[in-house]
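What follows is a single structure, written as structure tokens, with notes after it.
The values are calculated or read from the model by the stated rules, or taken from the named source; none is laboratory data. Here the structure is a predicted model, which means the values were calculated and not measured. Cβ coordinates were reconstructed from backbone atoms using ideal geometry, including for glycine residues, and neighbour counts include every protein chain displayed.
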Amino acid sequence: MSDRSAIEWCDATWNPVTGCTKIVAGCDNCYAARFAELFRGVPGHPYEPGFDLTLRPERLKQPLGWRQSRMIFVNSMSDLFHKDVPDEYIDRVFETMEAADWHRFQVLTKRSSLMRDYLRRRYATRTPPAHIWMGVSVEDKKSRVRVRHLQAAPAGVRFLSIEPLLRPLGKIDLTGIHWVLLGGESGPRARPMDADWVREVRDQCIENSVAFNFKRWGGLRPKARGRLLDGREWNEFPSRPAASAPAEAA
């Protein structure tokens, strides 16, 4: 947890769960796993268990103590919808987010069908809070199914994190999507990203009036190649629309 963050698109991170398991190609070079495993076995360190999935109930109320409004990335070191996180624990995370409505929370997952099903249950009879943003990771054409799951989920703001972009995505249905983040992979085994793949996504965002944020090109060091795309930075954020109902599909 940090009530300050170096991540470009948020002000703070909050990790009521840490650790995860790799399930798709986008996970192969996971920065969070690489970091956590550096401290496996170090007595008393928060990551003494490495990247093993770990519930952190002592952290559940942390955002309630942050009185200044922040954009908070939830579980930057995990996935809230991991199959081994009990629904009762996810409920407690959402209870905190709902209560701390002066913040904006960004929840990102690769387990999109589990997220969709949970949100449909939780907001079956009420409007989802506009300050809780729900997003899915997308790295290639196969993973575009997660976009459909997100579109079918009740959420205040829906966003896509296209990072790392591993292959061209082709046509993306951006109906009901408010924000797209895109970035290349970083680290010692970073896979390359072609500029035309990035332009293809950006142009679709422009065509559909979806906010577009280009994080970086990636490489050995995250900021080594900068974040200019066609001579400019793309730092768009979504407006705060009223919470929207899910689509009927998926």
Taking the conditions exactly as written (more than 22 Å from residue 17 (Cα to Cα) and of a type in the set (Gly, Ala, Ser)), does residue 143 satisfy them or not? yes
Pairs with Cβ under 6 Å, 6+ apart, first in region 94-118 and modelled with pLDDT of 95 or more, second part of a helix (DSSP H, G or I) and among the charged types (D, E, K, R): 112/146
If I filter region 215-223 for residues that are over 24 Å from residue 25 (Cα atoms), in contact (Cβ under 8 Å) with a residue 12 or more places away in the chain, loosely packed, with under 14 Cβ neighbours inside 10 Å and over 17 Å from the mean Cα position of the chain (by Cα), do I get at least one hit? no
In region 76-90, residue nearest to residue 114 (Cα to Cα) [restricted to those that are touching a Ser or Thr at 6+ places or on another chain (Cβ under 8 Å) and of a type outside the set (A, V, I, L, M)]: 81
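Yes/no per residue for (1) crowded, with 21+ Cβ neighbours inside 10 Å; (2) out of contact with any Phe, Trp or Tyr (no Cβ under 7 Å at 6 or more places or on another chain):
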| position | (1), (2) |
| --- | --- |
| 67 | no, yes |
| 86 | no, yes |
| 105 | yes, no |
| 110 | yes, yes |
| 116 | yes, yes |
| 125 | no, yes |
| 128 | yes, yes |
| 132 | yes, no |
| 135 | yes, no |
Across region 159-184, what is the number of residues that are crowded, with 22+ Cβ neighbours inside 10 Å, farther than 20 Å from residue 29 by Cβ and in contact (Cβ under 8 Å) with a residue 60 or more places away in the chain? 2
In region 140-199, the residues that are farther than 22 Å from residue 228 by Cα, within 14 Å of the chain's Cα centre (by Cα) and of a type in the set (Val, Ile, Thr): 147, 157, 177
For residue 61, state whether it is in contact with a Ser or Thr (Cβ under 7 Å, 6 or more places away or on another chain), surrounded by fewer than 20 Cβ atoms within 10 Å (Cβ to Cβ) and not small (Gly, Ala, Ser). yes
